[in-house]
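Trainee: Following this message is one structure expressed as structure tokens.
Nothing in this text is a laboratory measurement; each read-out follows from the coordinates by a stated rule. Because the structure is a prediction, the values reported are computed rather than measured. Quick reminder, even Gly has a Cβ in these numbers, built from the backbone with ideal geometry, and neighbours come from all protein chains shown.
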Amino acid sequence: MKKIIAVIVLIATSYYSFAQDVDKLIQQKDVERIIKTLSADDMQGRATFTPGIEKAAKFIENEYKTIGLEPMKGNSGFRQNFTMVKTTGVKTTVTINGLNIPADSVAVMANMPFNWTAITDAEVIVVSPDVDFQNEYRKYTNSGKKQLVIVDPKFAPFFKRLQTFSRGGRAVFKDAPVKPQVPVVFVIGKFDAIKSYSVNYETKTQELPLFNVAGILPGKTKPDEFVIFSGHYDHLGILKPMQGDSIANGADDDASGTTAVITLAKYFKKLNNNERTLIFVAFTAEEIGEYGSTYFAKTVEPDKIVAMFNIEMIGKASKWGTNSALITGYERSSFGSILQKNLEGTNFKFYPDPYISENLFYRSDNASLARVGVPAHTISTDQIDIDKLYHTVKDEFSSLDVGNITSTIKAIALSSRTIVSGQDTPTRVAKLEK
């Protein structure tokens with residue numbers, strides 16, 4: 001009995017010590033400083049391939065340097081550089097039944113120029129207002145058929161997101177073969193029976209640089225076992241003005257996650273007791289196809305990565321209230337149960353992702369590592385089904401709950417401790433599981 005009591009006391013004392021460290025080393029004022037900087041107007045929305053993302057990268061690099069991280073093996077600095085070949089539309093002209101369609105009503109999915117002039121050049125599909133277009137649109141883009149898709153005005157909010165994505169263009173890694181994408185053209189509106197249409201799409205192609213920002217803390221006794229903490233630092237840049245504002249600041253998406261990565265790097269550096277090597281990486285180009293994390297996955301040995309904590313949109317309370325967050329793919333490994341075990345005695349709780357229809361497990365940067373078997377999961381507090389600020393110019397610092405961000409970061413710090421220490425190893429995710 002005395003031995004049991006001694007063990008209980010030891011566990012309680014150990015937890016109390018960790019909790020004290022978290023409260024002392026993770027300060028809300030520092031969290032606020034970082035996220036304010038990343039989501040400020042002078043970052044211009046951090047769009048991929050823009051001066052704004054360059055400025056954000058320099059800020060993150062300076063934070064890593066101040067903290068005392070080391071570059072990843074093979075890199076001279078914190079940037080992980082690669083080159084993309086980007087194709088964007090420069091001119092789109094659409095007519096239906098002889099009428100010119102405004103550019104704001106068109107979204108083109110293609111990576112090559114094309115010209116449709118005959119009614120038989122593409123299949124015409126009219127999307128019923130009764131279907132779930134947010135889920136159905138992938139069926140059209142993956143069909144392998146040339147299609148003109150008429151979208152009911154009911155779906156205007158999602159269509160705007162689709163249009164923003166389409167205008168970002170298509171990119172491939174420089175040395176990758178370019179596979180022509182079968183064009184799909186979405187037009188929003190109501191039309192009489194379509195008797196004629198024309199679409200002319202012109203493009204330009206450029207070679208452009210991209211860069212993840214990554215640093216490490218070498219492990220004490222297990223340096224060849226890696227734990228990743230990640231978020232993406234890119235966003236959408238400049239959008240159509242809304243109430244005089246055109247900068248999509250991306251405060252929640254995903255300056256909040258990047259802030260968590262920087263804050264956790266500082267926390268673990270000060271603790272200086274990580275047995276496994278920790279990688280802290282801010283990914284680029286998540287918003288246009290997860291290219292940063294895709295490249296990163298090619299530079300590491302997946303079997304040596306023990307776990308990945310991808311942090312995406314923690315700026316507001318979750319559907320369960322404060323002191324809670326979701327974990328995508330909770331059922332795919334023991335990652336979530338380990339985290340929850342480490343939070344026993346706290347008020348914070350992790351829940352399985354309730355938004356299954358949103359396919360969140362494969363919509364963020366964790367997917368690039370999960371596909372090759374890593375227990376890679378995204379932690380989020382976003383209520384994606386009702387979030388009206390998502391991908392709008394209203395996603396700015398003033399909309400955030402910095403206290404929620406801070407408490408979530410602390411929970412990640414506490415819940416990860418047995419993985420960081422080498423005590424726990426999550427089970428693997430099935431490779432290429434979809």
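Trainee: Given an 8 Å cut-off on Cα distances and at least 6 residues of separation, report the relative contact order of segment 314-384 as a percent.
Mentor: After rounding, I find 47 percent.
Trainee: Which distance in Å, rounded to a whole number, links the C-alpha centroids of segment 308-374 and segment 19-89?
Mentor: 22
Trainee: Using a Förster distance of 41 Å, how high is the FRET efficiency between residue 270 and residue 388, based on the Cβ-Cβ distance and rounded to 0.05?
Mentor: According to the calculation, E is roughly 0.60.
Trainee: Using Cβ counts within 10 Å as a stand-in for footprinting exposure, how do 207, 396, 70 rank, fewest first?
Mentor: Lowest to highest Cβ neighbour count: 207, 70, 396.
Trainee: Given a Förster radius of 35 Å and the C-beta distance between residue 179 and residue 242 as r, what FRET efficiency does 1/(1 + (r/R0)^6) yield to the nearest 0.05?
Mentor: 0.45
Trainee: Can you work out the Karplus-derived ³J(HN,Hα) for every residue in segment 332-343? Use 6.51 cos²θ - 1.76 cosθ + 1.60 with θ = phi - 60°, whole Hz, and x for glycine or proline.
Mentor: After applying 6.51 cos²θ - 1.76 cosθ + 1.60, I find 7, 7, 8, 3, x, 5, 5, 4, 5, 4, 6, 9 Hz.
Trainee: Shape verdict for segment 340-417, please, from the Cα gyration tensor: rounded (a/c under 1.5), prolate (a/b greater than b/c) or oblate.
Mentor: Verdict is oblate for segment 340-417.
Trainee: Something else about it: Might you report the magnitude of the Cβ-based charge dipole of segment 35-80 about its Cα centre, with Lys and Arg at +1 and Asp and Glu at -1, to the nearest 20 debye?
Mentor: Dipole about the Cα centre, nearest 20: 100 debye.
Trainee: Which cross-chain or sequence-distant (5 or more) residues have an amide H under 5 Å from the amide H of residue 203, H modelled 1.01 Å from N in plane?
Mentor: Here 90 satisfy the definition.
Trainee: How big, in percent, is the set of alpha carbon pairs in the chain lying more than 33 Å apart?
Mentor: 36
Trainee: Moving on. About its Cα centre, what dipole magnitude does the chain give when the only charges are +1 on Lys and Arg Cβ and -1 on Asp and Glu Cβ, stated in debye to the nearest 20?
Mentor: Here the size comes out at about 720 debye.
Trainee: Right, something else. Which far-off residues, 5 or more places away or on another chain, put their amide H under 5 Å from the one on residue 377, with H placed in the peptide plane?
Mentor: 308, 310
Trainee: Something else about it: Grab the other residues whose beta carbon is less than 14 angstrom from that of residue 132, score K and R as +1, D and E as -1, and report the net.
Mentor: Net charge around residue 132: -2.
Trainee: Counting only residues 5 or more places away or on other chains, whose amide H sits under 5 Å from the amide H of residue 349 once H atoms are built in the peptide plane?
Mentor: 324, 325
Trainee: Cut-off is 10 Å between beta-carbons; in what order do 247, 386 appear when sorted fewest neighbours first?
Mentor: Exposure proxy ranking, most exposed first: 386, 247.
Trainee: Further question: Just the number: Rg to Rh for segment 317-367, Cα atoms, Kirkwood Rh, two decimals.
Mentor: Value, to two decimals: 0.98.
Trainee: For each of 50, 263, count neighbouring Cβ atoms within 10 Å of the residue's Cβ, then give the residues from fewest to most.
Mentor: Listing 50, 263 from fewest to most nearby Cβ atoms yields 50, 263.
Trainee: Additional query: May I ask you to derive the relative contact order of the chain, considering only C-alpha pairs under 8 Å and at least 6 residues apart, and to give it as an integer percent?
Mentor: 20
Trainee: Separate question: Describe numerically, in nm with one decimal, the distance between label points set 7 Å from Cα along Cα→Cβ at residue 131 and at residue 358.
Mentor: Distance between label points: 2.3 nm.
Trainee: Something else now. Averaged across orientations, what area in nm² does the convex hull of the alpha carbons in segment 85-207 project?
Mentor: If you wrap the Cα atoms of segment 85-207 in a convex hull and average its projections, you get 7.4 nm².
Trainee: Spin-label point model (7 Å from Cα, Cβ direction): what's the residue 206 to residue 299 distance in nm?
Mentor: It is 2.2 nm.
Trainee: With both partners inside the chain, how many of the DSSP beta bridges are antiparallel, as a percent to the nearest 5?
Mentor: Counting DSSP beta bridges with both partners in the chain, the antiparallel share is about 60 percent.
Trainee: Using the Cα centre of segment 269-360 as the reference point, and only Cβ charges (+1 on K/R, -1 on D/E), how large is the resulting charge dipole? Debye, rounded to the nearest 20.
Mentor: Its charge dipole is roughly 400 debye.
Trainee: Then there is this: Using only Cα atoms, locate the centre of segment 113-152 and the centre of segment 161-203, then give the distance between them in Å, rounded to an integer.
Mentor: Result: 10 Å between the Cα centres.
Trainee: Once phi is turned into θ = phi - 60°, what whole-Hz ³J(HN,Hα) does the Karplus curve with 6.51, -1.76 and 1.60 give for every residue of segment 163-178, x standing for Gly and Pro?
Mentor: 5, 4, 5, 5, 6, x, x, 10, 10, 9, 5, 3, 8, 7, x, 8
Trainee: Related question: Once phi is turned into θ = phi - 60°, what whole-Hz ³J(HN,Hα) does the Karplus curve with 6.51, -1.76 and 1.60 give for every residue of segment 398-413, x standing for Gly and Pro?
Mentor: Karplus values, whole Hz, x for Gly and Pro: 4, 8, 8, 10, 5, x, 5, 4, 4, 5, 5, 4, 4, 5, 5, 4.
Trainee: Could you tell me how many degrees, from 0 to 90 and to the nearest 10, lie between the Cα long axis of helix 28-38 and the main elongation axis, the longest principal axis, of the Cα atoms of the chain?
Mentor: The angle comes out at about 30 degrees.
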